[in-house]
1. Compute the signed sum of charges (Lys and Arg +1, Asp and Glu -1) over the other residues within less than 15 Å, Cβ to Cβ, of residue 107.
2. Computed from the mean reciprocal separation of all distinct C-alpha pairs, what Kirkwood hydrodynamic radius does the range 9-189 have, in Å?
3. If the convex hull of the alpha-carbon atoms of the chain is projected onto planes in all directions, what is the mean projected area in square nanometres?
4. Taking only Cα atoms, what is the 0 to 90° angle, nearest 10, from helix 259-274's long axis to the longest principal axis of the chain?
5. What's the ranking of 310-323, 255-268 by average number of surrounding C-beta atoms within 10 Å, highest first?
6. Stretched out fully, how many nm does the piece from residue 57 to residue 128 gain, at 0.36 nm a residue minus the Cα gap?
7. Using a 10 Å cut-off on Cβ atoms, rank the peptides 88-99, 120-131 from the highest mean neighbour count down.
8. Tell me, how many Å apart are the Cα centres for the range 236-292 and for the range 151-207?
Amino acid sequence: MTMGEQSGTTSSLRLLDAAFDAGVNFFDSAEMYPVPQRSETSGRSEELLGRWLRARRAPRDQVVVATKVAGPSGQMTWIRGGPTSLDSQNITDAIDDSLRRLGVDYIDLFQIHWPDRYVPMFGETEYDPSSQYTSVPMEEQLEALGRAIDAGKIRYIGLSNETPYGLMKFLQLSKDFQLHSKLLTVQNSYNLLCRNFDSGLAECCHHERISLLAYSPMAMGILSGKYHSSDDCGPPEARMNLFKGRYSEGESRYKLQSPEVKLAVKEYTQIAAKYGISPATLAIAFVLRHPLVASAVFGATKLWQLYEVLQAARIHLPEEILVEINDVHARYPNPCP
């Protein structure tokens, strides 16, 4: 998500090399990346991933390539005029464009980035029925995705920023298109500051055998403690400082000045120090321990950040740490929904 903006070409390729060498084999992009999104850089993240795939020459079946089609926005006019909707043509064009930028014959996991209907997202918590608009039927979206599977362009389907209703409705309708076994994942935010997944989606995923791809496992870097370790709001090159005022989706959800966020991060940082691990390692390890999580989708702009995150895959959080984590969560529940 940061490659092509916050990370330049050389550093991005170096990070991908280091991640693959360490055993990472799942790479997630999107047609609108990098962020903050703008016309000059749109699609650059996919292009860098494709460039790395060609240079690395890794066997294609050893790398899982995932990307996403943007939902209706109206703001990103450089992506098919908005994009205006998730109709059949938009989905088909997005797949073809992503294949071209990535330079691959097929995409392993193709995801709907956000729904083509009103849902509370990116910090919103209450559903407003009056905000619903005329949206493209899910049947049309599934039909387009099914044609792409039949053509060999994509292999599996994923959802993102979805609700329990949306997931279950897609699963219900997918049976009519013989796609039920092709819908595998939902990519939603999940971290120490946002555990909303556990309230409703977790039950759906458990019974329907859908895996969670947990994005923002470090809450956009907040859980590293870097934004609250001093009075100056963190290093100037940190994403929320570097792009302040330009990344509305992040700023609406991750409120750095929120008293609840500050107090929760302070306590999670203290727990990490007590047990001799970094706050970032604690945050990632907490996500990876979830039985429904297939992967923690994280970003890194520096090699030391990558290695710190990878350390989380090598540790096991004992019960006493989880008790302390849940105590903090009970007092500061989901301050970054």
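1. Result for the local shell: -3.
2. Numbers: mean 1/r = 0.0588 Å⁻¹.
The Cα-based Kirkwood calculation yields 17.0 Å.
3. 16.5 nm²
4. Approximately 70 degrees, to the nearest 10.
5. 255-268, 310-323
6. Details: separation 71, 0.36 × 71 = 25.56 nm, distance 4.88 nm.
That pair, residue 57 and residue 128, stretches by 20.7 nm at full extension.
7. Top to bottom by mean Cβ count within 10 Å: 88-99, 120-131.
8. 25 Å
The values are calculated or read from the model by the stated rules, or taken from the named source; none is laboratory data. Quick caveat, the model's predicted, so the values are computed rather than measured. Every residue, glycine among them, receives a Cβ derived from its backbone with ideal geometry; neighbour counts consider all protein chains shown. Note: areas computed on protein heavy atoms with side chains; ligands, DNA, RNA excluded. Shrake-Rupley method; radii C 1.70, N 1.55, O 1.52, S 1.80 Å.
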